[in-house]
Amino acid sequence: MSDISDDEKSPRLDAKSSKDRKTGDSSVRSMEVPPIYRLASSDSTRAQVIGCTLNSDNYLTWSRAMLIALRARNKLAFIDESLERPDDDDPLKERWERCNSTVLAWMFNTMEGSLQATVAYAVDARNLWDDLNERFSVGNQSRVFQIKTDICFLKQDGLNVRDYYDKLKLLWDELEFYLEHPSCSCGANATIATQKEAEKCY
């Protein structure tokens, strides 16, 4: 999820450079507005930017779909650490607020009603994203246990080989998402990865 290109992190410079503009000028000409702050006519707060609805069981699918949608709309910086909130006297502060609220609405629109009630007072898209990530993926041992159990007892039964493989791969991918992977520069990562792949055969 942290695979973000340098181009998408560049708005940090745009936001900070705006401090050099005259703060007394309440308007910012269109040609001066960085792309990150532009909203298309289709970018309304009522838009359903992805096709799945977040519930208690599909955070991995939902988060991946939301990342793709935000990247496509050049709004990924509002949920990662590449764009800082402008100062109150920054001419771009109002545009930041508009885009932040739009991203909040997009996330809110793709949640089940029970989840919407728990985030109704969120005011910052990045904080909401981090909160959801912590809620659904960090230390979720009960979910890890359930996935391992599902893998252990998964049988082909009447499924064809392709459907069985797809179902099994989905479980393995979700398990990888929840597990913590220690960073290492000694070359052991390759060995660990090989061992993990071998485990999938049993």
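What follows is calculated from the coordinates using simple rules that are stated; it is not laboratory data. As the structure is a computational prediction, the values presented were derived from the model and not from experiment. Note that each Cβ is placed from the backbone with ideal geometry, even for glycine, and that neighbours are counted across all protein chains shown.
Quick notes on this one:
- A simple rule links phi to the HN-Hα coupling: the Karplus curve 6.51 cos²θ - 1.76 cosθ + 1.60 with θ = phi - 60°, which for region 40-45 gives 7, 4, 7, 8, 7, 6 Hz, with x for Gly and Pro.
- Computed FRET value (nearest 0.05) for Asp150 with Val33, which takes r as the C-beta separation and R₀ as 41 Å: 0.25
- Qualifying GluC sites (Glu not before Pro) in region 54-112, DSSP loop, other Cβ atoms within 10 Å at most 16: Glu81, Glu84, Glu112
- Close amide H partners of Leu54, meaning residues 5 or more places away or on another chain with modelled amide H under 5 Å apart, are Met111, Glu112.
- Positive minus negative residues near Gln116 (Lys, Arg vs Asp, Glu; Cβ under 14 Å): -1
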